[in-house]
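S.K.: Provided herewith is a single structure, encoded as structure tokens, for subsequent inquiry.
The values are calculated or read from the model by the stated rules, or taken from the named source; none is laboratory data. It should be emphasised that the depicted structure is a prediction, and the values quoted were computed from it without experimental measurement. Don't worry about glycine lacking a Cβ; one is built from the backbone with ideal geometry, like all the others, and counts go over all protein chains shown.
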């Protein structure tokens, strides 16, 4: 078990906990590498059906570890672009491309790239006292980590522009009301509730669950005609699985289906 990232398994759910609480779980080289490795491991593991990502201590993730970056002494624009592209963005791409649902369980603050990390997840559960913060505008920078792209698809242009240009904390109830968050729960129910939701998702037919995520992601940038074609192709894949036949048999026999992922 990594010191900076704790991995626990609750039946078919992998719970990944960022564990740098003294730094509000800011992402340094070690934590980024550990999280990438854990996501890759969960993707390969047939016994994992869903993932929950949360943070230890009082915050979800404070974004990039600025102290570590300053210690390197290289603050050039070329260096900043290289770090964003090669060190941080692969985390987001890993979550988006992972063929299993990922739930962000946001405790405390998710700021900067930490906000992008939460938004990249398929579902977002927030504690009542949690918040999102894009503070880039206040230090003369533009948002990175795909925040603009992801927010636009959740809440539209006007609200996205307002949130990014105000540069203030967006509380959990406001995130729920605007459609950024899926659920807001009591702080002491956050992780257990997210794990329970993930377990329910992991109980679905694995192929159908995987293709539903892929379909929803692809449809964000597709025309209606293309979306219909993608649906038809993926439906044909599902119809050929043993899980679909099992579901139909279970329905006829009035019992819960037993999915095997085949």
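Residue-wise test of (1) modelled with pLDDT under 95; (2) assigned to a loop (DSSP other than H, G, I, E, B); (3) surrounded by 13 or more Cβ atoms within 10 Å (Cβ to Cβ).
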{"site": "25", "(1), (2), (3)": "no, yes, yes"}
{"site": "34", "(1), (2), (3)": "no, no, yes"}
{"site": "48", "(1), (2), (3)": "no, yes, yes"}
{"site": "71", "(1), (2), (3)": "yes, no, no"}
{"site": "88", "(1), (2), (3)": "yes, no, yes"}
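S.K.: In this structure, is residue 205 within 29 Å of residue 8 (Cβ to Cβ), in contact (Cβ under 8 Å) with a residue 24 or more places away in the chain and loosely packed, with under 13 Cβ neighbours inside 10 Å?
M.R.: no
S.K.: Now, a different point. Kindly indicate whether residue 247 is assigned to a helix (DSSP H, G or I), crowded, with 16+ Cβ neighbours inside 10 Å and out of contact with any strand residue (DSSP E or B) (no Cβ under 7 Å at 6 or more places or on another chain). Reasoning before the result, please.
M.R.: Working: assigned to a helix (DSSP H, G or I): yes; crowded, with 16+ Cβ neighbours inside 10 Å: yes; out of contact with any strand residue (DSSP E or B) (no Cβ under 7 Å at 6 or more places or on another chain): yes.
For residue 247, the condition - assigned to a helix (DSSP H, G or I), crowded, with 16+ Cβ neighbours inside 10 Å and out of contact with any strand residue (DSSP E or B) (no Cβ under 7 Å at 6 or more places or on another chain) - is met.
S.K.: While we're here: Condition test on residue 219, is it closer than 30 Å to residue 234 by Cα, free of Cβ contacts under 8 Å to residues at least 24 places away in the same chain and not assigned by TED's automatic domain parsing to the domain that holds residue 52?
M.R.: It is true that residue 219 is closer than 30 Å to residue 234 by Cα, free of Cβ contacts under 8 Å to residues at least 24 places away in the same chain and not assigned by TED's automatic domain parsing to the domain that holds residue 52.
S.K.: Inside segment 122-137, can you point out the residues that are closer than 18 Å to residue 39 by Cα and either over 11 Å from the mean Cα position of the chain (by Cα) or buried (at least 23 other Cβ atoms within 10 Å of the Cβ) (or both)?
M.R.: Listed by number, the list holds a single entry, 124.
S.K.: Could you please give the count of residues in segment 16-53 that are within 19 Å of residue 169 (Cα to Cα) and in contact with a strand residue (DSSP E or B) (Cβ under 6 Å, 6 or more places away or on another chain)?
M.R.: Counting residues in segment 16-53 that are within 19 Å of residue 169 (Cα to Cα) and in contact with a strand residue (DSSP E or B) (Cβ under 6 Å, 6 or more places away or on another chain) gives 1.
S.K.: When segment 113-137 is examined, which residues are found to be in a strand (DSSP E or B) and farther than 15 Å from residue 64 by Cα?
M.R.: Listed by number, the residues that qualify are 123, 124, 125, 126, 127, 131.
S.K.: So, one more: Name the residues in segment 138-160 that are in a helix (DSSP H, G or I) and surrounded by 14 or more Cβ atoms within 10 Å (Cβ to Cβ), would you?
M.R.: Within segment 138-160, 147, 148, 149, 150, 151, 152, 154, 155, 159, 160 qualify.
S.K.: Please tell me if residue 224 is free of Cβ contacts under 8 Å to residues at least 24 places away in the same chain, out of contact with any helix residue (DSSP H, G or I) (no Cβ under 8 Å at 6 or more places or on another chain) and over 19 Å from residue 131 (Cβ atoms).
M.R.: For residue 224, the condition - free of Cβ contacts under 8 Å to residues at least 24 places away in the same chain, out of contact with any helix residue (DSSP H, G or I) (no Cβ under 8 Å at 6 or more places or on another chain) and over 19 Å from residue 131 (Cβ atoms) - is met.
S.K.: For segment 23-44, enumerate the residues that are without any contact (Cβ under 8 Å) to a residue 40 or more places away in the chain and either in contact with a helix residue (DSSP H, G or I) (Cβ under 6 Å, 6 or more places away or on another chain) or closer than 14 Å to residue 64 by Cα (or both).
M.R.: Within segment 23-44, 30, 31, 33 qualify.
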